[in-house]
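Peer 1: Pasting in a structure now, in structure tokens, and then I'll have a few things to ask.
Each reported figure results from applying straightforward, stated rules to the coordinates on display, with no laboratory input. Since the model is a prediction, treat every value here as computed from it, not as a measurement. So basically every Cβ, Gly included, is an ideal-geometry build from the backbone, and we count neighbours across all protein chains shown.
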Amino acid sequence: MKSLATLLLITAAWSFTGCATRPAANQGLELMSVAEYEKVVDRHTQRSQKYSGLYNTMDVTATLVNTAVAKAQLEQKARLLQWDRAQFQLESNKLAEKNKNETEVFLSFFTPDKKNDDLQKKTTQWRVYLEADGRRWEGKTMKIRQPIAEIQGLFSYHSRFSTPYLITFPVGTATIDPRTTRFIVTGPIDIVTLEYAPAAPSAPAP
């Protein structure tokens, strides 16, 4: 959880500055643009809405932070903090080590009944799972408490009406990347299953 949560903490400056003042890539690093970053996130984001008649009972939008998304976020961090090549390589190595053991999902979750919006509590009736290749992993959920502007710097679709969660699963991204993956949220209101296509191979870090 630490990597994405830390990245969320540094997006405030980016969120509150205009395009003209956003930092450019340092010399020696070729980083994807903000528009390219958003395309990567969009490619690995799915949404489901549940209704009872015309009443919206549940709205789930989730991004699978596979290798491609994790590397895109690393490039955003490099842009914001103005890393040189050596620092970028150091952080790339840390990310690769982290991704050997876990995969994260960012979840933007809405239900009008606040008593059911408690995925992070030990007493919650909600369960979250990741499935791939006939295997299932249960996730550990953390409620993200950063200001909304910081969260939207990474996940622009998130709104103030939804609650942001970060869910960590004990499976490396290399296991998830080449496989169709399902993210499941099940609880007192309903069950939602979001399906993600296999990720295209990522380009090697510079």
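Peer 1: Can you pick out the pairs among 71/94; 77/140; 71/143; 39/143 whose Cα atoms lie more than 20 Å from each other?
Peer 2: Going by Cα-Cα distance, 77/140; 71/143; 39/143 fall outside the 20 Å limit.
Peer 1: Okay, moving on. Can you list the HN-Hα couplings for the range 52-63, worked out from phi with the Karplus curve (6.51, -1.76, 1.60; θ = phi - 60°), rounded to whole Hz and with x for Gly and Pro?
Peer 2: Listing the rounded values in order: 10, x, 9, 8, 6, 8, 6, 9, 10, 10, 9, 10 Hz.
Peer 1: Then there's this: For 133, 118, what ranking results if the residue with the fewest other Cβ atoms within 10 Å of its Cβ goes first?
Peer 2: 133, 118
Peer 1: Could you give the nm distance between label points at residue 195 and residue 174, where each point is 7 Å from its Cα heading toward the beta carbon?
Peer 2: Between residue 195 and residue 174, the simple spin-label model gives 2.8 nm.
Peer 1: Still on this structure, please answer the following. Efficiency by 1/(1 + (r/R0)^6): what FRET value for residue 138 and residue 86, r their Cβ-Cβ distance, R0 = 35 Å, to the nearest 0.05?
Peer 2: 0.35
Peer 1: To continue, here is another question. Write out the trypsin sites (Lys or Arg not before Pro) in the range 37-137 meeting two conditions: DSSP loop, and at most 13 other Cβ atoms within 10 Å of their Cβ.
Peer 2: 100, 121, 122
Peer 1: Sticking with this structure for a sec: Modelling each spin label as a point 7 Å along the Cα-to-Cβ direction, I'd like the residue 51/residue 100 distance in nm, to one decimal.
Peer 2: Calculated label separation equals 4.9 nm.
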